[in-house]
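Data first, discussion second: the structure below is written as structure tokens.
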Amino acid sequence: ESGTDSCKMVEQCLTYRNMEIELPCALSDLPTPCFLVDVDIVMKNCNDMLRKANVAGVDLRPHVKTHKCHEIARMQVGGDKSNGIIASTIPEVRYMAADGFTDITYGIPVTTSKLLPLMSICYDYPATRVSIFIDSKEQLEDIEMFYTDPQAADLIAHYKDTHHGTLFGCFLKIDVGYHRAGVDVQHDEAAGVELAKRLHESKPLVFRGVYSHSGNAYNAASKAEAKAICTLECKHAKKFADALVAAKIPCPTISIGSTPSCGAADKFVGANEIHPGNYVFFDRQQMAIPVCKSDQVAVRVLTRVIGHYAEHLLCDTGSLAISKDLAPQDGSYGSVEGTELLLTSVSQECGKLQMPDRIATLGAPSCTISDAQIVNSKHANAAVPAIDKITPKKRGKAEEEEEEADVSAGSKRRKLDASAFPRGSLLKIIPNHSCLTAACHPLYFVVRGEEVVDVWRPCRGW
């Protein structure tokens, strides 16, 4: 059997089509684990952010890395594919260019190994203009050396003809608090100004402005704190942009933000562009701050109960279907919609579901989700009762020791009525970090209510 044939066989197994599913269909028709996307919630989230940017008088350059899916990217820009977007991988850039997006920023500091692939995308899609991030003089020197590389001469010559002699648009990546990447312009403004001057004068590049990412807002303990982070980010970015203008360096764009900071704030004084991304889906991290409510979280992992044990249920969702990000609310890997069940530990392909432990009474908020229902499976041997009719059953006397880590080991757990969740029952897990959870799945099953209406195939790879 050839490698190609093997790939085709695996690909077939990854799709719903080998199950002979016809759309629309019921959730019970789907393989598990799988990723559910509520299209109406996604559309509302996208429209809400577009409206927020419009009211605040700033441009929205949305990030597409959360979903990596052109159907959602179109919603983020209100159908205007000339609106700028940000992507985090080369395949994402190509995927979005192929769909007709014409202003795409590659959203991590670039190395020379990425330059030819990015140029080839623009060669294949001449209407698309790619911009890059630079945050060091070494990066700039590498790009300028590449610009004169004889091995790339033919491609560069073509590129010069179609893009007015330049290779890429360019943003100076600045650090105003997150401390992951970027020039720390609070501590060394002069170095930032000097680098911006060189970018502005560089032949291969068109300097477009400054870009800051407030990833530190993900650690905010409240909406007020996330808003304060946004305010400071705008202030520091504007101060640096003013320094550039004073040095006669045009700075047309001051781009700031993240989902928690942009979700918490309504005004972005000093900035003229925001670039959140996670807001299309939201997740339990965003609920914890909170910058969203449970009914704004657009995604779930559909899972089946596959075993009953003394103090837990086993489901077919493990780390490869949910990720291993822990919830700030309760230290779990996710919560089950419509119940108090938490995903308390995960192996590669399965996970333990348990009732909350008593640590929650010491200050961590409960994660009960009251506005949804358990899904009954046609494969279940009994109907799932209403939540308020669950009768706790006595705890078992012994537990098997698990090799995987139990995130609440040693604490006392509330009693679980396993009979309320028959083997084969379908449950929906709300993910902690939707970006990583989405990346675990090759297909998105698009739902309206309890009906599956479409299947989307996101971009994958690096």
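The values are calculated or read from the model by the stated rules, or taken from the named source; none is laboratory data. Since the structure is predicted, the reported quantities are computational estimates derived from the model, not experimental observations. Reconstructed Cβ throughout: ideal geometry from the backbone, glycine too, with neighbour counts over all protein chains shown. What goes into the accessible areas is simple: the full protein's heavy atoms, side chains included, and nothing from ligands, DNA or RNA. Shrake-Rupley method; radii C 1.70, N 1.55, O 1.52, S 1.80 Å.
Odds and ends about this structure:
- Diagonalising the gyration tensor over the Cα atoms of the stretch 90-140 and scaling each eigenvalue by 5 before taking the square root yields semi-axes of 20, 10, 9 Å, largest first.
- Extended-chain gain in nm, criterion 0.36 nm per residue less alpha-carbon gap, Asn47 and Asp188: 46.9 nm
- Distance (nanometres) between label positions extended 7 Å along Cα→Cβ at Glu141 and Asp242: 3.4 nm
- Accessible area, probe 1.4 Å, largest first, for residues Arg457, Arg208: Arg457, Arg208
- As computed over the stretch 182-323, the Cα convex hull volume per residue (Å³): 155 Å³
- Taking the charge dipole of the stretch 231-367 about its Cα centre, with +1 at Lys and Arg Cβ atoms and -1 at Asp and Glu Cβ atoms, the residue from Ala288, Phe268, Gly331 reaching farthest to the positive side is Phe268.
- If a spin label sat at a point 7 angstrom from the Cα of Glu349 along the line to its beta carbon, the backbone N atoms of the stretch 299-329 nearer than 17 Å would be those of 303-307, 314-323.
- Dipole size of the stretch 295-357 about its Cα centre, with +1 on Lys/Arg Cβ and -1 on Asp/Glu Cβ: approximately 200 debye, rounded to the nearest 20.
- Once the C-beta distance of Glu22 and Ala127 is scaled by a Förster radius of 30 Å, the resulting FRET efficiency is 0.20 to the nearest 0.05.
- Between Met145, Thr112, Ile85, the Cα set farthest toward the positive side of the dipole of the stretch 85-170 (charges on each charged residue's Cβ, about the Cα centre) is that of Ile85.
- Each principal axis of the Cα cloud of the stretch 100-207 was taken in turn, and the coordinate range along them, longest first, works out to 41, 29, 22 Å.
- At full extension, His179 and Leu320 could sit 47.9 nm farther apart than now, given 0.36 nm per residue minus the alpha carbon distance.
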